1. What chymotrypsin sites (Phe, Trp or Tyr not before Pro) does the range 250-328 have in DSSP loop regions with at most 11 other beta carbons within 10 Å?
2. What's the ranking of 127-138, 39-50 by average number of surrounding C-beta atoms within 10 Å, highest first?
3. From the residues THR157, GLN299, PHE319, which one has its Cα farthest along the dipole of the chain in the positive direction, the dipole being from +1 and -1 charges on Cβ of Lys/Arg and Asp/Glu about the Cα centre?
4. Place a +1 charge on the Cβ of each Lys and Arg in the range 225-328 and a -1 charge on the Cβ of each Asp and Glu, then give the dipole magnitude about the Cα centre in debye, rounded to the nearest 20.
5. Using unit Cβ charges (K, R positive; D, E negative) and no other charged atoms, how large, in debye to the nearest 20, is the dipole of the chain about its Cα centre?
6. Listed highest first by mean packing, meaning other Cβ atoms within 10 Å per residue, what order do 220-226, 170-176 come in?
7. Over the chain, what percent of the accessible surface lies on carbon and sulfur atoms, probe 1.4 Å?
8. As a test of the formula, what do you get for the chain when each DSSP H run with n ≥ 4 contributes -39,500 (n - 2.57) and the sum is divided by the residue count, at 222 nm and rounded to the nearest 500 deg cm²/dmol?
Amino acid sequence: MRHYKLTGKESPRLMRDTFEATPPGAGQIAIDIKAASLNYRDLIIAKRFGDIVPMSDGAGVVTAIGEGVKGFAIGDRVVIGFMPGWVEGAFSPAKKATSLGGPGMDGVLTERLVVAATGAVPIPDAMSFNEAATLPCAGVTAWSALFERRPVQPGETVLLLGTGGVSIFALQLAKMAGARVIMISSSTAKSERARALGADEVINYRTCESWEKEVLRLTGGIGVDLAVDVVGPATLSRTLEATRFDGRISLMGVISGFDGPVNTGAILEKRITLQGIYVGPVAMLRSLVATGIKPQVDQVFGFEDAEAAYEALQGAGHFGKLVIEVAD
Ligand SMILES: NC(=O)c1ccc[n+]([C@@H]2O[C@H](COP(=O)([O-])OP(=O)(O)OC[C@H]3O[C@@H](n4cnc5c(N)ncnc54)[C@H](OP(=O)(O)O)[C@@H]3O)[C@@H](O)[C@H]2O)c1
């Protein structure tokens, strides 16, 4: 069977290779991967880590079942959790260590993957493999950002940054929850697509430098109830300014890096709840599938064109998600 590996330590590259499939052990299932979807994380992993099968998000068909597995049959269509070892309950380092396509853990850019059966979720017939493959990281992260701890309420205003995978899922889910959504984007064409999906207001952050002030204006000077920051240090102080007293911010983005100066005074003076997000458990993926959400698949690449898919992700011209079709 075929898979890709990131090879090399300093600047890993994608190399296609073959491997011998192994049967699933007790409690495991083998899945023939049909589609895999890219996340910004895959760029970070590709720059830093070698010698793994990359990518975390995949969907496919159950082709073998290990001893003791209940609830799955050969031929079942499934999507795999980002962390198959985090089924539900509190987060822990051991659960985080099961993140697919990361340090020490092979991922889904392969024709077959063996995982714990409890890490997979059945998908409905109406959901294609390409659509299902977009859910485990970006979809579940958006779900966590909106609904964990203090869930978004009908009539609340939500701020979303950019039009990538996480933000477009957050747009769709926030609209399902009855919220008003304000987005910022660098692109007029993407802004139009976001409006078509239900965004109430879209600010161009290239032409409107003080977008946080525009968000305040659009909220009558009060600020948004909940902001989802996918960018990180470069935007967090602005996001704080755009968020209301007693509001909340879900922070998961590292587009601008992993550390930097933050207006900590605004966090306490406005009594803002700043919540760190690291994807979410398989139970959330199950809830997300049950919503019947229609993921926004922007572009689909063949298995042979995986490198081109990575280049498209790096180019950031996409709206929503990029998918690699692993098999028909
Ligand atoms: N912690 C977690 O659990 C978790 C999970 C998923 C993702 N993430 C992180 O979340 C971030 C987004 O991931 P993704 O997969 O959704 O990325 P993506 O699909 O590559 O989308 C990135 C988008 O961010 C927007 N953007 C870039 N710079 C911006 C800026 N300065 N201000 C506003 N928007 C900006 C752009 O939108 P426009 O083109 O519209 O301008 C760009 O298309 C990444 O840092 C990723 O690592 C974290």
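1. Details: sites: PHE258, TYR278, PHE301, PHE303, TYR310, PHE319; in loops: PHE258, TYR278, PHE319.
Those that pass, being in a loop and sparsely packed, are PHE258.
2. Working: 127-138: 25.5, 39-50: 18.4.
Top of the packing list down: 127-138, 39-50.
3. Most positive-ward Cα: THR157.
4. On the way: 8 positive and 13 negative charges, 144 e Å.
Result for the range 225-328 is approximately 700 debye, rounded to the nearest 20.
5. 680 debye
6. Put in order of decreasing packing, that is 170-176, 220-226.
7. Roughly 53 percent of what the probe reaches on the chain is carbon or sulfur.
8. On the way: 11 runs with 86 residues, N = 328.
My calculation for the chain gives -7000 deg cm²/dmol from helical runs alone.
The values are calculated or read from the model by the stated rules, or taken from the named source; none is laboratory data. Computed from a prediction, not measured in an experiment: that's the story for all the values here. As a convention, Cβ positions derive from the backbone with ideal geometry for all residues, glycine included, and neighbour counts pool all protein chains shown. Areas reflect the complete protein model, heavy atoms only, side chains present, ligands, DNA and RNA absent. Shrake-Rupley method; radii C 1.70, N 1.55, O 1.52, S 1.80 Å.
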